[in-house]
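Contents: one structure, followed by commentary.
Quick note: the coordinates plus some simple rules give every number you see, no bench work behind them. Please read all numbers here as calculations on a predicted model, not as lab measurements. So basically every Cβ, Gly included, is an ideal-geometry build from the backbone, and we count neighbours across all protein chains shown.
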Amino acid sequence: MRELLNRREEMYTKALELFGLISQLDIATEEMAELIKELSKFKRKEKNLNKIAEEVADVEIMMEQIKQYFDFDKEYMDKVKNKKLNKLLGHIEKAGGSID
Ligand SMILES: [Mg+2]
């Protein structure tokens, strides 16, 4: 199991070679839709935490493929993510909260 986690980049490159970018983008949108569906079921009180975990994993794998394809390196993504987290912090503070 650990070995496959360590070979993700190689697998993503091979998947893109074999299936093509458009196919992988289609799969990414399908996986996001599957996660949306499971989250909707959860809101309707369904006990589906295992399915949610599976769909989160599927979406994370597809997001990793997209980041690799577009060559978004970790430093760049951390910068973008930090900007978004700063925006979230603004919303939290605006609502009267803090993270201290
Ligand atoms: Mg899925």
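How big is the dipole moment of the stretch 1-54 about its Cα centre under a simple scheme where the beta carbon of each Lys and Arg is +1, that of each Asp and Glu is -1, and everything else is neutral? Debye, nearest 20, please. If you can, show how the numbers build up before the last one.
Working: 11 positive and 11 negative charges, 103 e Å.
Rounded to the nearest 20 debye, it is 500 debye.
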Highest mean packing first, using Cβ neighbours within 10 angstrom, the peptides 21-32, 80-91 sort as 21-32, 80-91
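So between Glu3 and Ser40, what do we pick up on full extension, going 0.36 nm a residue minus the alpha carbon distance? Let's see the in-between values first.
Values: separation 37, 0.36 × 37 = 13.32 nm, distance 3.35 nm.
Between Glu3 and Ser40, full extension yields 10.0 nm more.
Restricting to DSSP H runs of at least four residues, report the calculated mean residue ellipticity at 222 nm for the chain, -39500 (n - 2.57) per run over all residues, nearest 500 deg cm²/dmol.
Working: 5 runs with 82 residues, N = 100.
The helix contribution divided over the chain gives -27500 deg cm²/dmol.
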Determine which aspartates and glutamates satisfy two conditions relative to Lys83: a Cα distance under 17 Å, and not lying fewer than 8 residues away in the same chain.
Asp73, Glu75, Glu93
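Take the cross-link list Lys14/Lys67; Lys43/Lys67; Lys47/Lys67 and give me the ones stretching past 24 Å between alpha-carbons. Could you put the intermediate results ahead of the total?
On the way: Lys14/Lys67 15 Å; Lys43/Lys67 30 Å; Lys47/Lys67 32 Å.
From the list (Lys14/Lys67; Lys43/Lys67; Lys47/Lys67), the Cα-Cα distance tops 24 Å for Lys43/Lys67; Lys47/Lys67.
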Length gain on complete extension for the stretch Asp26 to Thr13, per 0.36 nm per residue less the alpha carbon to alpha carbon distance?
3.0 nm
